[in-house]
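Just below is one structure, and these are the notes that go with it.
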């Protein structure tokens, strides 16, 4: 770029000088003519001589002014060319400073400050973006890319005026949508009121109160914390309110603490996984107990205290209500025979059939066959508008028994206890399978102390006598 500028300015200056040189030659030729005229005027006498001298002197004055103008124009053009080259050289100099090797600039910083500054910037998404922008500028300018926005609503298809189908998305993504909606719409008045012993003026209950406040406000994230700090803060999770747990989880929905997709500064850490599991356990348990604590029958109290399935179901209903806002009430099955009516916008439940009808869902969600761990599920809900309570089914619709059950990990959408009972495994048994298993058994001489002995055909009881 600078070389091209120098060549262009040099060519322009050469053109201007050539034009001025032609004008100078014309002035020299005119001066030679005046000299001859002056010599001829010396021969004349009297009045003719005076007039000739005056005419020659006027011509000489005009020629002198013309030569001075040529000299000024030449100097002006050269100064403009030099100033243009200076500006271009200054820009190149600035670029050279930014492209200077990092080692040659580090001597101007105190020892260790540059490393600490980089680690601090890498600890937050904004800091990492700042480092990327700086590197892009050094490479010739930033590359503008569209920032990926989180999904705000699940995809759906309207099958009829009172019928919808929500599908084509994983269940854990639906959970993220619901949690983000709750965090955006719930009140934050008491978000930073951490528990104190006795009353608000008592001593702090949390061991890492300052760290928890930084996580809630967004001044710090789990990604930039070392394992010791994370482990020290984990016991404080059980003292946080539902609103505080929700904010903590939403701030780390896209945080992958370990594995090939880990995005922590210090690498894969078990402590980060443990604190997220603790947050999920407390969060979804409270989300399940909050809306149905007053209207659930007493025989469900033990079930509600054992797991967080109802909390995840409530979050899924919140996400579904974003695309199906009317009617506002949903029929929510707490068990195969117990149902309540849930209002996802207010997060309240009632046992009375609401005016205007409810939305009844049938869950066809299933495991993703292409995912080897079995944790991912394809979300698939069939939703219908029911106008009368008599039209509702008396039992939970088929396929919903374990649709939203899931372990504590937010990325999982399976109930670890699902299928562990005889009812869950009975469908997998067949005579062919039993014969195959029996053929693989090792033949023995019988069972010691038992009236059964081994034979080539199998085990037969010993005849009496």
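The values are calculated or read from the model by the stated rules, or taken from the named source; none is laboratory data. Computed from a prediction, not measured in an experiment: that's the story for all the values here. Glycine gets a Cβ as well: all are built from the backbone with ideal geometry, and neighbour counts include every protein chain shown.
Summary of values
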quantity	calculated
From the options 330, 378, residue that is in the same structural domain as residue 183 (by TED's automatic domain parsing), under 21 Å from residue 152 (Cα atoms) and without any contact (Cβ under 8 Å) to a residue 40 or more places away in the chain	330
Residues within region 369-397 that are over 18 Å from residue 317 (Cα atoms) and assigned to a strand (DSSP E or B), tallied	0
Residue in region 358-368 that is touching a strand residue (DSSP E or B) at 6+ places or on another chain (Cβ under 9 Å), outside any strand (DSSP E or B), assigned by TED's automatic domain parsing to the domain that holds residue 334 and without any contact (Cβ under 8 Å) to a residue 12 or more places away in the chain present	no
Among (1) surrounded by fewer than 18 Cβ atoms within 10 Å (Cβ to Cβ); (2) more than 26 Å from the chain's Cα centre (by Cα); (3) closer than 22 Å to residue 363 by Cα - the single one residue 205 does not satisfy	(3)
The listed residue being within 26 Å of residue 291 (Cα to Cα) and surrounded by fewer than 12 Cβ atoms within 10 Å (Cβ to Cβ), out of 236, 193	193
Region 328-357, residues that are buried (at least 18 other Cβ atoms within 10 Å of the Cβ), out of contact with any helix residue (DSSP H, G or I) (no Cβ under 7 Å at 6 or more places or on another chain) and either at positive phi or in a strand (DSSP E or B) (or both)	331, 333, 339, 341, 343, 357
Candidate set: region 380-425, residues that are over 21 Å from residue 336 (Cβ atoms) and at pLDDT 50 or above; chosen: the one surrounded by the most Cβ atoms within 10 Å (Cβ to Cβ)	385
